[in-house]
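Here's the structure, in structure tokens; my notes come after.
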Amino acid sequence: MGQKTHHLTGPGEAVIVKMTLLLLLFMRLMTPGKYLAPALLVAALATAASAMHPASPIPPAANRPMTPVILDPGHGGEDKGAVVRGLMEKDIALVFAKKLKARLARNADLPVVLTRDSDRYVTLDERLIDSVDMSGSIFVSLHLNQVKGKKSAGAIVYSYGPEKLRLWRKRQHPSVPPMPAPPRGQAGDSERLARTFSRALRGDGFRAESSKSDYYVLKNPAAPSVLIELGYLNNPDEAAKLSDSAYQDRMVDSLAKAIEEYATLRTLRTSVATAPKAVTNRPKAGGLLLP
Ligand SMILES: [Zn+2]
């Protein structure tokens with residue numbers, strides 16, 4: 001388990017993540033059937049989050065390589081998510097996740113792990129623990145939207161933050177115990193990741209926006225995390241598209257490009273950040289200026 005933190009660049013961060021890991025694994029061992037007591041998990045993550053922010057000298061997230069990507073198909077098993085005219089959110093989310101994994105397999109630098117690869121129930125705690133266990137570099141949860149009585153369309157990419165439209169949305173997600181907010185740096189990375197997704201989708205002709213929510217999985221302290229509502233199942237036109245294999249492939253390609261872009265940016269930022277001063281030249285005209 002320890003060797004999974006081999007890519008971490010800062011000793012401070014490595015210690016914190018290892019401590020968290022050990023605590024979580026201990027709790028998993030103490031909890032039969034892989035179902036963790038939520039209060040214990042909250043306590044562990046709160047400890048990790050407070051340890052990671054802001055007292056410890058943590059290297060910027062850009063210093064962490066992009067491996068592996070954790071894809072999280074929402075719901076599963078008895079938790080069907082949205083169900084509209086026979087279409088189930090849990091099924092479509094799984095199709096998208098599997099296709100996205102297959103599409104990213106073209107890129108050897110981006111290994112992908114799914115939190116579920118079949119129609120089974122996975123608790124929200126387990127989804128986050130997978131991301132910590134596997135030293136996931138980003139966490140992408142895939143869902144489908146449903147808003148009763150509204151003719152909405154398009155994707156929404158959420159990162160952690162106060163939610164504006166809560167009253168409008170029908171929550172498909174089970175109520176979960178409170179969890180501390182992610183460290184500020186992590187929330188900033190998540191927001192950048194969310195914008196990368198919505199930009200890539202719009203660039204390929206899809207309707208997409210980024211927004212904020214306080215979903216449980218977005219509080220993941222271990223990795224930049226987003227939750228993507230791919231479209232609205234209650235919109236018949238959009239539901240038909242989301243069930244169409246060619247449409248799915250096009251959308252998956254867009255999502256994959258966003259992940260590749262984010263990975264490249266992080267790698268470039270890492271090389272800039274770690275380059276010795278003597279060879280850090282000014283960017284040439286037309287060169288890529290990194291934020
Ligand atoms: Zn959902």
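Taking amide H as placed 1.01 Å from N in the peptide plane, Tyr232 has its amide H under 5 Å from the amide H of Asn145, Gly154, each at least 5 places away in sequence or on another chain. Counting neighbouring Cβ atoms within 10 Å and putting the fewest first, the residues Thr123, Thr115, Thr196 line up as Thr123, Thr196, Thr115. Under 14 Å of direct C-alpha separation, and excluding same-chain neighbours fewer than eight residues apart, Lys80 reaches these aspartates and glutamates: Glu89, Asp91, Asp119. Can you find, among Leu100, Leu255, Gly205, the residue sitting farthest towards the positive end of the charge dipole of the range 63-273, where Lys and Arg contribute +1 and Asp and Glu -1 at Cβ? Result: Gly205, furthest along the dipole toward the positive end.
Residue separation times 0.36 nm, minus the C-alpha to C-alpha distance between Ala240 and Arg120: what's the value?
Length difference between fully extended and current span is 40.8 nm.
If the segment from Glu78 to Ala153 were pulled out straight at 0.36 nm per residue, it would be longer than the present Cα-Cα gap by 24.3 nm. Model label points for Asp249 and Arg207, set 7 angstrom from Cα along the Cα-to-Cβ axis, are 2.5 nm apart.
Just so you know, all these numbers are worked out from the coordinates, no wet-lab data involved. On a predicted model such as this, the values are computed, not experimentally measured, just so you know. Reconstructed Cβ throughout: ideal geometry from the backbone, glycine too, with neighbour counts over all protein chains shown.
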